[in-house]
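K.L.:
Below is the structure I would like to discuss, written out as structure tokens.
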Amino acid sequence: MSTFERRTFMGDIEFRAEDGVIRAGGYAARFNVHSQNLGGFVEQVAPGTFAKTIQEADIRGLFNHDANMVLGRNKSGTLRMEEDGTGLAYEIDLPDTTVGRDVANLLERGDVSGSSFGFRTIDDEWGETDSGFPLRTLKSVALRDVGPVVYPAYTEADSALRSLAESRSLDLDVLIDAAHKNELQDLLSERSEDETEDEERDEDDRENPIVIRRKFAHLL
């Protein structure tokens, strides 16, 4: 099972009061936008990544991913989410609690401007950017929470690297060590070159009649 991860999007959070209810919201993720370097790779979110989870999961609106700072919940209707052409949009009816009032004040002052989502990966795939940098694409996730955050905080990349290790049949510890040294791209490039050379040698062997006779000498 994949481990819990967090991703943050720095963008404006809308803040308004209607009918006595203070609401806050924005985008927790934008589709097909490359993240910052997450430890030797970048990441993007594919459209449809959240389609199933926002219909089925019990998701909380949290401040700073803190379960002690609940702002809303989709099952109660105080947290609403939808996928649109841009990404994962959310809106929270802020509660009349100490946390709710504090968050409202911070948003109104502009002290908080980041949104984030916590998730487990259900499906992803690995490729490369145009410059050859490792690229992870999230295709389906199980959401746990969304909401405003103070800092763009990322968890360790180890959980994502586990997915990369499985997809490329590589040693996880080697990948983690390379990522921590910012050498992941070099490692993957070397592996790709080695695989190409192996394939070329295999092709040469298949075309070399001497090698073929040696391989099948026991049948002669």
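K.L.:
Just for the stretch 68-109: of the residues that are among the hydroxyl-bearing types (Ser, Thr, Tyr) and in a helix (DSSP H, G or I), which one is farthest from the chain's Cα centre (by Cα)?
P.N.:
The qualifying residue farthest from the chain's Cα centre (by Cα) is THR98.
K.L.:
Also, I was wondering about something else. Within the stretch 48-69, can you find the residues that are acidic (Asp, Glu) and closer than 13 Å to LEU88 by Cβ?
P.N.:
Scanning the stretch 48-69 gives no hits.
K.L.:
Which residues, counting only those in the stretch 53-102, are polar (S, T, N, Q) and within 15 Å of VAL141 (Cα to Cα)?
P.N.:
Matches in the stretch 53-102: THR53, GLN55.
K.L.:
What do you reckon, is ARG73 at pLDDT 90 or above and of a type outside the set (A, V, I, L, M, F, W, C)?
P.N.:
yes
K.L.:
So which residues in the stretch 62-93 are aliphatic (A, V, I, L, M) and surrounded by 17 or more Cβ atoms within 10 Å (Cβ to Cβ)?
P.N.:
LEU62, MET69, VAL70, LEU71, LEU79, MET81, LEU88, ALA89, ILE92
K.L.:
Can you find, within the stretch 40-54, the residue that is farthest from TRP126 (Cα to Cα) among those that are surrounded by fewer than 18 Cβ atoms within 10 Å (Cβ to Cβ) and of a type outside the set (A, V, I, L, M, F, W, C)?
P.N.:
Here the residue is LYS52.
K.L.:
Filter the stretch 16-60 down to residues that are assigned to a strand (DSSP E or B) and touching a helix residue (DSSP H, G or I) at 6+ places or on another chain (Cβ under 6 Å), then give me how many there are.
P.N.:
The total comes to 2.
The values are calculated or read from the model by the stated rules, or taken from the named source; none is laboratory data. It should be emphasised that the depicted structure is a prediction, and the values quoted were computed from it without experimental measurement. Virtual Cβ from ideal backbone geometry, glycine too; neighbours counted across all protein chains shown.
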